[in-house]
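Written out below as C-alpha cells is the structure these notes cover.
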Number of protein chains: 2
Amino acid sequence: MQGASSSREDYLKALYVLSTGAEGPVTTTALAEHLSMRPASASGMMKQLAEAGWVEHEAYRGASLTPSGERIALDVIRRHRLWEFFLVERLGFAWDQVHELAERLEHIEDAELINRLDDYLGCPDFDPHGDPIPRADGTVVDARPLQVASELRPGARAVIKGVVDSSDVFLRHLDALGIRLGIEFKVVERHEFDGSARVEGHGIWTLGVLENLLVVIQP
Amino acid sequence: MQGASSSREDYLKALYVLSTGAEGPVTTTALAEHLSMRPASASGMMKQLAEAGWVEHEAYRGASLTPSGERIALDVIRRHRLWEFFLVERLGFAWDQVHELAERLEHIEDAELINRLDDYLGCPDFDPHGDPIPRADGTVVDARPLQVASELRPGARAVIKGVVDSSDVFLRHLDALGIRLGIEFKVVERHEFDGSARVEGHGIWTLGVLENLLVVIQP
DNA sequence: TATTTAATTTAGCTTTGCCTAAAAATAGTT
DNA sequence: AACTATTTTTAGGCAAAGCTAAATTAAATA
C-alpha cells in the first residue's frame, strides 16, 4: 500500500493511465514506450511489481494493476495534479511547462504535505488540464468540468460544448466567425490589453465571444 | 556549475555548512557524520567531486569547496530555504517539521521554478529559522534579523536582543519575570485566545510582554 | 499445419552510491 | 625515534534500475 520507489511509482502510474480507456492488460511494449524505456526494463519491473503484489502479470500476456497497486497509482496522480495546479494557479506557469516539474514533485511522499497543499489550494477537483484530482481516499470523479473560454491560457486546446448567451444574434455572430459546437481549437496567444485571444486557424476572438463559450479542456 | 546528482548536492551542501565557522578543510569523518554515512563513502565521494572540479581534496588532509562547488552549494541552500519558507509561511507547518521535506524539495533543480517561487513568496531574505536565503546570483547576507517575540511559533528558541518599550516600568516588570537581555528561551506552546506563550522554565509570558521583546531566532 | 515475424523474457553488463573489511598514512605517546 | 592508536583510503560487494543481445513464446501467414 506504500513504499514504492520513484521508479516503481512511475510504472504504476503508467499502468493506470494506459489501462483506463483500453480494455484488458497492458503490454510490456506499450508500457516501455510510454515511459521512454526499453521493453526489457519494463519486463523486469513487472516482475518486481508482481512480487510486491501491486500488479498481476502473466508472462507474455501483459500486466494489470491489483487494487493495492491502483491505490498507489491514484496517490501518485493525486500528488502530480495538485502540484500542477499549484504551479499554474499560484506560480503562474503555463500549462505546457508544468508536466516535467510535477513529474519530479509527485514522488515526494508525505501525507501531511499533500493534505496541507490540497487545503491551501482550496481542495480543487480538477487540475489545470481539466483532469480530475483523486481524493485522499482514492476516489475519483470522472467528468471534465465545463469552463468559460475566457479563462483559457495560451497553449490550451479545448472543445466547444455550449454557450452562455444563446440569443439568436449571438449565435449568428458565432456562425459568421466559423465557431460551432463540437469544434476543437487552440489558443495561441492572449492579449493583456483587451482579453482577446489569437486562435489557431481562426484569427482573433474577442473577450465578448470568449466569455460566452463553454468549453472542455483537452489533455 | 550545474548537473550534480542529488547525492553530490548533499555532499557539497554539507561541505559548505561545515566549512563556515570552522577554519581549514573539512575532514572526511566530520562530513560522513553530518550526513549519517560512513567515512569510506565520504572519501569516495570526495574523489568524484574533486574530479568534477567542485572540491579541492588532498588525500588524508580533508576537503574544501572550489568556487564552482560553493556556487552549487549556495544554490541548493537557496532552494532548501525557500521551500522551508513556503512550507512554514504558506502551508502552516511548524518549524521542526519542515527540514526533511525541504531536504527532498531542494534537489529539484529548475531555475524557473525557484525564481517564480521566490517571487511568489515576496523574495524573502531569511528563512523561518532566521538563516539568510542566498540570492539567485549567489550572494548571501550574513546577519540574522531581529524579530518580535510575539511572532514566535511553538518550538522556537530565541535569544533576547532588545526591547521595544524601554520604559522603567516595563523593564522592572521584565526583571520581576526573570527576563533579561541575552537569555535564551524556548516557546513550548502558544495560546490562541490571548496570544500568550508558555516558555520552558519561565511559566507563561503574556502577549504584552512578547510584543515588546526583540529576539534573534536560534537554529 | 509449418514457418516466419513480432513481442516478451532472460542473461549478463554498466553506473551510482552505499556498505564492510583490510591496508595505508597520520598523529600521539613513551 | 619507535610504537600504538586513530583516521583515511582502497578494495571488493551489494542493490536498484537501466541497457544490449540472445533466447523464448505467441501471433500471423502461407
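The numbers here are math on the coordinates, done by the rules we state, and not lab data. Values in this document were obtained by computation on a predicted structure and should not be read as measured data. When we count neighbours, we look across all protein chains shown, and the Cβ atoms used for this are built from the backbone with ideal geometry, even at glycine.
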In terms of Cα to Cα distance under 30 Å, which lysines are near enough to A:Lys13, apart from those fewer than 8 places away along the same chain?
A:Lys47, A:Lys161, A:Lys186
Convex hull volume of the Cα atoms in segment B:44-119, per residue, in Å³?
110 Å³
Given unit charges at Cβ for Lys, Arg (+) and Asp, Glu (-), the dipole magnitude of segment B:1-151 about its Cα centre in debye, nearest 20, is 340 debye
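Based only on Cα atoms, what Rg/Rh ratio does segment B:75-144 have, Rh being taken as Kirkwood's radius?
Numbers: Rg = 10.9 Å, Rh = 11.9 Å.
Radius of gyration relative to Kirkwood radius: 0.92.
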Under Stokes-Einstein, with the Kirkwood radius over Cα pairs standing in for Rh, what whole-number D in µm²/s applies to chain B at 37 °C and 0.692 mPa s?
170 µm²/s
Spelling it out for A:Val188: with amide H atoms placed in the peptide plane at 1.01 Å from N, the residues 5 or more places away or on another chain with amide H under 5 Å from its amide H are A:Gly155, A:Arg198, A:Val199, A:Glu200
Would you compute, for the Cα atoms of segment B:108-219, the largest minus smallest coordinate along each principal axis and list the three values in descending order, in whole Å?
52, 27, 20
Spin-label model distance (nm) - A:Ile108 vs B:Val188, 7 Å beyond Cα toward Cβ
3.3 nm
For B:Ala40 and A:Arg172, extending 7 Å from Cα along the Cα-Cβ vector and measuring point to point gives, in nm, a value of 8.6 nm
Specify the residue with the greatest mean-square fluctuation among B:Val169, B:Val88, B:Val209, computed from a Gaussian network of chain B linking alpha-carbon atoms under 10 Å apart.
B:Val169
Using amide H atoms built in the peptide plane, which far-off residues or other-chain residues are under 5 Å from A:Leu213 H to H?
A:Ala149, A:Ser150, A:Val164
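Can you figure out the FRET efficiency of A:Val17 with B:Leu181, using R₀ = 56 Å and their beta-carbon distance, to the nearest 0.05? The partial results should precede the final answer.
Values: r = 61 Å, r/R0 = 1.09.
Calculated value: 0.35.
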Shape box of the protein assembly as shown [Cα atoms, principal axes, largest first, Å]:
80, 57, 41
